[in-house]
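**Q** Have a look at this one.
The values are calculated or read from the model by the stated rules, or taken from the named source; none is laboratory data. Values in this document were obtained by computation on a predicted structure and should not be read as measured data. Here Cβ is always computed from backbone atoms with ideal geometry, including for glycine, and neighbour counts include all displayed protein chains.
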Amino acid sequence: MSGEITIVPFNIPLSPSSSSFCQLDGSAAAPFLSPPLPPTFVQLNPVLSTASNLLSKNSVKKSHSSGSFTCFFEGLQKLLSSRTQINSSRKMLKSRSRCIFLSGTLNSRGFDRRFSAQSKLEGKVALITGAASGIGKETATRFISQGAKVVIADIQHQCGMDLATELGSNASFFPCNVTKEYDISNAVDYVVSKYRHLDIMYNNAGVACHTPPSIIDLDLAMFDQVMAINVRGILAGIKHASRVMIPRQSGSILCTTSVTGLMGGLAPHTYSVSKSSVIGMVKSVASELCKHGIRINCISPFAIPTAFSIEDMSRFFPGVETQRLIEMIHNAGALKGAKCEPVDVANAALYLASDDAKYVTGHNLVVDGGFTSFKALEFPAPGQLQ
Ligand SMILES: NC(=O)c1ccc[n+]([C@@H]2O[C@H](COP(=O)([O-])OP(=O)(O)OC[C@H]3O[C@@H](n4cnc5c(N)ncnc54)[C@H](O)[C@@H]3O)[C@@H](O)[C@H]2O)c1
């Protein structure tokens, strides 16, 4: 699969320090850390995911209770058991799908119609900041699987270009540092010049911060740098998306915030303040954009092991293996039997960006397995009272 990569001459120097995103002191960014492979195939392969959705429809189940279908289903299950065989899985799926067309009541045109009917973003154009890795990368992948054209905007040029290549002709990369308003403005203009309009703007780029825990030690220079990315960068994205969406009187804007913007004590003050600002920003701007038929919402994820959080954790737990850090993050969740993963945020973004959420605006969709909804009172059991 070959991707379309378009790099427009730009004002960002391509030095290693300029492409560093987490180190605010200008040192090189940590090497990209691959997130753990997710447990379900849905995250791994949009083709399989769509097929799975199709299989869950009763009508398809009923009309394909033949041996061929059983054969297909077993084949699919085999695919799920091996994460390392994605490419061969895709080939298998194709051949098994042919099996359905030949034996079932659905001909291939009918199948295609069902396939496309499930593409929630068909014909939509999205710009996603911070899409070269983690949550943004997963969302770009998800959006494309649902028929969207996606422009990946990020400060990490190589990762962004590689991802565009991987995702194919519906993806392209545009270098963008969200701290520079003209970068964001140029990215939006690039989308409009390439696709004629912008339907979805996802302001996702963000950084962690490393500051002493006490407010009396707050480093205000660091505060300004984090706010420049996590707050000003998002506001600039909203501003320039609105510039091109208002004339069309339509569009959907998304922002990534965090559970740390909802509850105190989960992150350094600077980061928490930056994330709670975004929740307020979304509500404020929603009051204006609703008059133009434009929706704006944000998503507050729980901790997810991406490059962002693993690097952060490594500072607290130097020498601890990455796999152990991943487990620690997952174990911190509240919902038994589930882990918070990039695909959970990507699915939330898909919902908010699509017409499924056509009457949802000014909302903060919390993806935290209930973490911020309750707190247990740790009284001793009656029989244990002394
Ligand atoms: N991972 C978590 O635990 C978690 C939890 C809640 C919220 N978030 C938020 O999710 C968002 C995405 O983070 P992630 O976990 O996917 O981390 P990530 O590090 O994998 O992705 C962040 C992306 O943002 C890009 N970026 C950083 N600074 C930029 C800048 N100035 N201009 C353009 N791009 C820039 C990075 O290059 C990177 O590709 C962030 O806003 C983060 O605050 C993350």
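Here's the yes/no breakdown for (1) modelled with pLDDT of 95 or more; (2) buried (at least 20 other Cβ atoms within 10 Å of the Cβ):
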position	(1), (2)
Ile100	no, yes
Arg109	no, no
Arg113	no, no
Gln118	no, no
Ile135	yes, yes
Ala140	yes, yes
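**Q** For the range 244-339, list the helices (runs of 4 or more DSSP H) that sit wholly inside it and hold at least 1 residues that are over 22 Å from Val231 (Cα atoms) and more than 21 Å from the chain's Cα centre (by Cα); which are they?
**A** 307-316, 322-331
**Q** Shifting gears a bit: Any idea which residue in the range 240-280 is nearest to the ligand (Cβ to nearest atom), counting only those that are charged (D, E, K, R) and over 22 Å from Phe302 (Cβ atoms)?
**A** First, the residues of the range 240-280 that are charged (D, E, K, R): 243, 248, 275.
Now restrict to residues that are over 22 Å from Phe302 (Cβ atoms): 243, 248.
Numbers: Arg243: 19, Arg248: 25 Å.
Checked the range 240-280; the qualifying residue nearest to the ligand (Cβ to nearest atom) is Arg243.
**Q** When residues of the range 281-295 are filtered for being touching a strand residue (DSSP E or B) at 6+ places or on another chain (Cβ under 6 Å) and more than 16 Å from the ligand (Cβ to nearest atom), how many remain?
**A** Number of matching residues: 5.
**Q** Another question, then. For a quick check of your reading of the model, give me the residue pairs whose first member lies in the range 174-193 and is farther than 22 Å from Cys159 by Cα, whose second is of a type in the set (Val, Ile, Thr) and at pLDDT 95 or above, with beta-carbon atoms closer than 6 Å and at least 6 apart or on different chains.
**A** Val192/Val244
**Q** Which residues, counting only those in the range 342-356, are out of contact with any strand residue (DSSP E or B) (no Cβ under 7 Å at 6 or more places or on another chain), within 11 Å of Lys120 (Cβ to Cβ) and part of a helix (DSSP H, G or I)?
**A** Asn347, Leu350, Tyr351, Asp355, Asp356
**Q** Identify, by number, the condition in (1) charged (D, E, K, R); (2) free of Cβ contacts under 8 Å to residues at least 12 places away in the same chain; (3) within 22 Å of Thr257 (Cβ to Cβ) that Lys137 doesn't meet.
**A** The single condition Lys137 does not satisfy is (2).
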